[in-house]
Each structure stands twice: as C-alpha cells, then as structure tokens.
1. Can you confirm whether Ala136 is surrounded by 18 or more Cβ atoms within 10 Å (Cβ to Cβ) and of a type outside the set (Val, Ile, Thr)?
2. From the set of residues in segment 112-151 that are more than 20 Å from Ala89 (Cβ to Cβ), more than 20 Å from the chain's Cα centre (by Cα) and outside any helix (DSSP H, G or I), which is modelled with the highest pLDDT?
3. Out of all the residues in segment 117-135, which are under 16 Å from Tyr102 (Cβ atoms) and among the hydrophobic types (A, V, I, L, M, F, W, C)?
4. Being surrounded by fewer than 14 Cβ atoms within 10 Å (Cβ to Cβ), assigned to a loop (DSSP other than H, G, I, E, B) and touching a Lys or Arg at 6+ places or on another chain (Cβ under 8 Å), is that true of even one residue in segment 61-71?
5. Could we say that Arg82 is charged (D, E, K, R), assigned to a loop (DSSP other than H, G, I, E, B) and at pLDDT 95 or above here?
Amino acid sequence: MALILLLNKHMNRKRTKSVVLHIVVVALIYAVCFWVGRHLEAQTSPQDIKFHDVIAEAAKSHNVHPALIAAVIHAESNFNPRARSHAGAAGLMQINPPTRQYLRLKNVYNPRQNVEAGTRYLRELMDRFDGDVVLALAAYNAGPGAVMRYDVVPPYSETQAYVKKVLAFYDQYRNTFVSNPLMS
C-alpha cells in the first residue's frame, strides 16, 4: 500500500512537471507568434510600399494583383527606379531593350511608364500561359520562348531562383494588399 502511494505521488509530480513544461512551451510559442504578428502588422499598409499608387493604377488597369507587381519590382530592382542590370534591363521592373521596344516604352526610368509597361507585359505572359503565374514569372525572367521550349520553368538556376524569390515576395505582399479592397 505504501508503495502504491509513493508511486502515485511520484507519478503526480512527474505529470505536474509535464503539464508545467507544456504550459511554458505554449506560452513561448504564443509570445513568438504575438511578436511576429505585431512586426508584420507594422508593415501591412499598402501606403508603406514605395510606388503604391503607381502599382495600384497598373494593377487595376491590367487586372494583375498589386502584390504580384510589388513582388516583381522588389525582386527586379528593390524599388530603385534608376536600377540597371549588366544586360541593359532598367527601371523598377527591369525591362530589357528588346522588350522595351516591343512595349513602346519611352522612358524606362519613369516609374509610372515602367510599371505600366511591365505590368502590361506580365498580363500578356499570364494570358499566354493560361493564368499560370509561375510560368509567367519564368517567362518574364528567361523569355517566353524558353518557357515554351521546356513547357515548365526552364532549368536555368537564375530563373528558378528568380521564380522562388518573386513568389516569396508575392506571398508577403499579398497579406499587405488583402486588407485594401481598392487594391485587391
């Protein structure tokens, strides 16, 4: 009988430690989620994004989610309207010379013109690839011919990394724009 009471007491102590440990872990998880949530809330206003008005206008005009436009701009130029690549792509959406000519873009460094043309091109690519955002992004980076040749994201490490990067930004910005009905 004494052995059973001792065993019971030991089991209760062990169970109590386990319950306390679980409470502490849950409290820590809650605290981390609360901190991350507050950090994300601080960045949830579309107005906090550079060129938000230009993005909203192009999104509405071409029926492209503003978060996708912001994601492409972030990946391409990090919101620098004067950005220029080694290959000659320029502006916010890094439009290269042949595409610039195709889109009849007059001033590649003008944010409004650049985002309008880049979004129009992105819409065209999305239509060409039946709304497949992944293939449209791959085509934006590697060219539509490469995507049509492989019928998937081309096996170019730069393009594969680019698509992943833009999709990560897209996911991030989608939360920002979802709260604003004018921009969704």
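The values are calculated or read from the model by the stated rules, or taken from the named source; none is laboratory data. Predicted, not measured: the structure shown is a model, and the values here were computed from it. Here Cβ is always computed from backbone atoms with ideal geometry, including for glycine, and neighbour counts include all displayed protein chains.
1. Numbers: surrounded by 18 or more Cβ atoms within 10 Å (Cβ to Cβ): yes; of a type outside the set (Val, Ile, Thr): yes.
In short, yes.
2. Only one residue fits best here, namely Asp130.
3. So in segment 117-135, the residues under 16 Å from Tyr102 (Cβ atoms) come out as 117-125, 127-128.
Within segment 117-135, Ala117, Leu122, Leu125 meet the criteria.
4. So the first thing to find is which residues in segment 61-71 are surrounded by fewer than 14 Cβ atoms within 10 Å (Cβ to Cβ), and the list is 61, 63.
From what is left, the residues that are assigned to a loop (DSSP other than H, G, I, E, B) are 63.
Next, from what is left, pick out any that are touching a Lys or Arg at 6+ places or on another chain (Cβ under 8 Å): 63.
Within segment 61-71 (the criterion being surrounded by fewer than 14 Cβ atoms within 10 Å (Cβ to Cβ), assigned to a loop (DSSP other than H, G, I, E, B) and touching a Lys or Arg at 6+ places or on another chain (Cβ under 8 Å)), the answer is yes, since at least one residue qualifies.
5. Numbers: charged (D, E, K, R): yes; assigned to a loop (DSSP other than H, G, I, E, B): yes; at pLDDT 95 or above: yes.
Yes.
Residue-by-condition table, conditions (1) of a type in the set (Gly, Ala, Ser); (2) more than 15 Å from Ile49 (Cβ to Cβ):
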site	(1), (2)
Met93	no, no
Arg100	no, yes
Leu105	no, yes
Ala117	yes, yes
